[in-house]
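Since the structure comes first, as structure tokens, the remarks are kept for the end.
The values are calculated or read from the model by the stated rules, or taken from the named source; none is laboratory data. Note that the structure is predicted; figures quoted are calculated from it, not measured. Methodologically, a virtual Cβ is constructed for each residue, glycine included, from the backbone with ideal geometry; neighbour enumeration extends over all protein chains shown.
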């Protein structure tokens, strides 16, 4: 590859796209494959890519004056390989891609032909009901709950939502920003330890029963101990909502009994 104007002979033979998940945001990935260049002094390849409603490429020779990346927002040096996966691509966007080759002297070829791929938008699940349960009252009505949705088997949070339970003790969401699939779920509520359920199949119109939450975590540390009792004791025989674990409008031995039963317990 002696000449910088050497025409790049690599062409795309396969272009595919898969969808993956990332924390809080869903993102696509694209895998590109191409024919190897036959030049003896070949050192590697660069992938240029970007998002545009129309083709973003404005030239044919990367790195030249007035062209630079030639309209592409991103460039990655992938070395001497003929396949590469790009991740963290935005859902619902069209991406354009070109490849160049470079030799051991740093000379870079013309671009390959340009290709594009539409990364599909993720369809959020809709009309989800979570049946919430806590220690004390038979129905967890008018309780604020937070829901964290994790990639199954990991600590990777991909979605979250919060709401107050209705009179039936249910949390109802018209939409949650995750796609249908299998997840782990952590539920939490003030004065209660967070609990986790695993391998939950989330889909539109589903009803999910959450694990019962253990009472006594007044300091929101996700563990129950002396600091929680220090917060409860000043409200003895009052109707303080934080300390009234069993939700009967009176802080007394029943509430301490729940705390004492869970003493030393740690949430998920």
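Residue 238: touching a residue at least 24 places away in the same chain (Cβ under 8 Å), out of contact with any helix residue (DSSP H, G or I) (no Cβ under 9 Å at 6 or more places or on another chain) and surrounded by fewer than 20 Cβ atoms within 10 Å (Cβ to Cβ), yes or no? In short, no. Only one entry of 43, 53, 36 meets the criterion of being touching a residue at least 40 places away in the same chain (Cβ under 8 Å), in the same structural domain as residue 110 (by TED's automatic domain parsing) and within 24 Å of residue 121 (Cβ to Cβ), and that entry is 53.
Entry remark, region 50-83: residues being within 14 Å of residue 33 (Cα to Cα) and buried (at least 18 other Cβ atoms within 10 Å of the Cβ) number 0 in total.
Conditions (1) within 30 Å of residue 202 (Cβ to Cβ); (2) touching a strand residue (DSSP E or B) at 6+ places or on another chain (Cβ under 8 Å); (3) at pLDDT below 90, marked per residue:
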| site | (1), (2), (3) |
| --- | --- |
| 68 | no, no, yes |
| 86 | yes, yes, no |
| 90 | yes, yes, yes |
| 121 | yes, no, yes |
| 146 | yes, yes, no |
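Just so you know, in region 126-137 the residues that are in a loop (DSSP other than H, G, I, E, B) and within 13 Å of residue 191 (Cβ to Cβ) include one that is modelled with the highest pLDDT, and it is 135.
For region 249-259, a tally of residues being over 17 Å from residue 189 (Cα atoms) and touching a helix residue (DSSP H, G or I) at 6+ places or on another chain (Cβ under 7 Å) returns 2. One residue alone among 182, 165 is touching a strand residue (DSSP E or B) at 6+ places or on another chain (Cβ under 8 Å), in the same structural domain as residue 148 (by TED's automatic domain parsing) and surrounded by 15 or more Cβ atoms within 10 Å (Cβ to Cβ), and that residue is 165. If the condition is being within 24 Å of residue 181 (Cα to Cα) and either in contact with a strand residue (DSSP E or B) (Cβ under 6 Å, 6 or more places away or on another chain) or not in a loop (DSSP other than H, G, I, E, B) (or both), then region 207-222 contributes 207, 208, 209, 210, 211. Only one of the listed residues (79, 63) is more than 30 Å from residue 153 (Cβ to Cβ), modelled with pLDDT of 85 or more and touching a strand residue (DSSP E or B) at 6+ places or on another chain (Cβ under 9 Å). That residue is 79.
Among the numbered conditions (1) crowded, with 20+ Cβ neighbours inside 10 Å; (2) in contact with a helix residue (DSSP H, G or I) (Cβ under 7 Å, 6 or more places away or on another chain); (3) not in a strand (DSSP E or B), the only one that residue 140 does not meet is (2). In region 206-225, is there at least one residue being over 21 Å from residue 134 (Cα atoms) and surrounded by fewer than 14 Cβ atoms within 10 Å (Cβ to Cβ)? There is no residue in region 206-225 that is over 21 Å from residue 134 (Cα atoms) and surrounded by fewer than 14 Cβ atoms within 10 Å (Cβ to Cβ).
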